[in-house]
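Worksheet: the structure to be examined is printed underneath.
Please treat every number below as a calculation from the coordinates, not as lab data. What you see is a predicted model, and the numbers here were worked out from it, not measured in a lab. Note that each Cβ is placed from the backbone with ideal geometry, even for glycine, and that neighbours are counted across all protein chains shown.
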Amino acid sequence: WETYHRKVVRRPSPSLHFIRFGQMYKVMIQASPEYRMNPEDLYRLYAKNNDGNVVPYSNFMTMDRVFGPSQITRYNMFTSALITGEGEGGISSGEVIQAVEEISKEVLPRGYDVEWSGITREEKDSGGQTILIFGICLLFVYLLLAAQYESLLLPFPVILSLPAGIFGSYFFLQLAGLENNIYAQVALVMLIGLLGKNAILIIEMANQYRQSGLSIMEAAVKGAVSRLRPILMTSFAFICGLIPLLVATGAGALGNRSIGTAAAGGMFIGTFVGIFLVPGLYILFETWSSRLKTDKKYDEDED
């Protein structure tokens, strides 16, 4: 080893190098550059067989040029191809997702599928939770009102008055050319509480007049009239406070305009429809509740 370390022996092919690392030696065998310029140079190498004869590599190997990807992309352990795209102006991301899924079902062969990643995956997963979120909100509103009114029917006038405001939100979003994004959904959750508050004021006053001895019709009309001015004042003050969001510009303007348009439009439509709708719903459900109480009392007297 020391002899070869002091004097490196070079052969045409292959050449032998002894390299010292500390107290250890590493051997690297490498052919001279002229013997490894092309892939076909492998045919010029030889190996010994079991009989000790020298056999060229060309006797037992062939080479074929194969073209393939320099990098293999996998997703969830499956071979995949990454495609990045963007929708045209005026097309929402939800519409793009739906179009890609529909086209992939028609075009892709058997065994191929489409999976989303990144922000698109988060958007698709959260999009199906909208109905669940609003359902939970309405459930909590119903339970709280049922405990407040001590009735299972009186919360329904409050809940049934909310679709008018939700319709107003979507209607104004459509007029403004905005999409139903996460900002608009936050505004809808806020709108449920604000419109519910207006309906609660009317029904609360109607209940008080009803308990004082007035008829159902008189209690509903008087309750709506007595709460009309506070409801209009608070609703218009809220809408005026949203004007800066409606005309927002610059960075983050799209989110501000979505929140402002959904909240202001829903409050505007919900308020004007609610002041007429809530008293009518109160008359309907209070009449029904009174009949059920009368029938229950009659059955108890019969027993």
Problem - Rounded FRET efficiency, nearest 0.05, which uses the C-beta distance separating Val66 from Ile131 and R0 of 41 Å - result: 0.20
Handout entry: Built amide H within the under 5 Å cut-off of Ser80, gap 5+
Key = Thr73, Arg74, Tyr75
Handout entry: Rounded tilt (10° steps) of 253-302 against the dominant C-alpha axis of the chain
Key = 50 degrees
Exercise for the section: Note the angle between two axes, namely the Cα long axis of helix 130-149 and the longest principal axis of the Cα atoms of the chain, as a number of degrees from 0 to 90, rounded to the nearest 10. Expected result: 30 degrees
Completion exercise
Computed from the beta carbon distance with a Förster radius of 51 Å, FRET efficiency for Glu123 and Glu218 to the nearest 0.05 stands at 0.50
Practice task
Please list the non-local residues whose amide H lies under 5 Å from the amide H of Gly87, H modeled 1.01 Å from N, same-chain partners needing a gap of 5 or more.
Solution key: none
Completion exercise
Dividing the helical contributions, -39500 (n - 2.57) per DSSP H run of n ≥ 4, by the residues of the chain yields a 222 nm value, nearest 500 deg cm²/dmol, of -19500 deg cm²/dmol
Practice task
Obtain the nm distance between the two label points defined at Ser32 and Ala176 by a simple spin-label model: each point lies 7 Å from its Cα along the Cα-to-C-beta direction.
Solution key: 8.0 nm
Handout entry: Cut-off 14 Å between beta-carbons: net charge of the residues surrounding Asn198, Lys and Arg +1, Asp and Glu -1
Key = +2
Handout entry: Calculated FRET efficiency for the pair Thr249/Val189, C-beta based, R₀ 25 Å, to 0.05
Key = 0.45
Fill in the blank from the handout: Given backbone amide H placed at 1.01 Å from N, residues whose amide H is under 5 Å from that of Ala31, ignoring those fewer than 5 places away on the same chain, are Ser15
Handout entry: the range 129-302, relative contact order in percent, only Cα pairs under 8 angstrom and at least six apart counted
Key = 34 percent
Practice task
From zero up to wherever the largest Cα-Cα distance of the range 149-303 sits, split into 5 Å bins and tell me the percent of pairs in each.
Solution key: 2, 10, 17, 18, 14, 11, 9, 7, 5, 3, 2, 1, 1, 0, 0
Handout entry: Pair-distance profile P(r), taking every C-alpha pair of the chain, with 20 angstrom steps and integer %
Key = 21, 29, 19, 13, 12, 6, 0
Completion exercise
If one compares the long axis through the Cα atoms of helix 216-226 with the longest principal axis of the Cα atoms of the chain, the angle in degrees, nearest 10, works out at 70 degrees
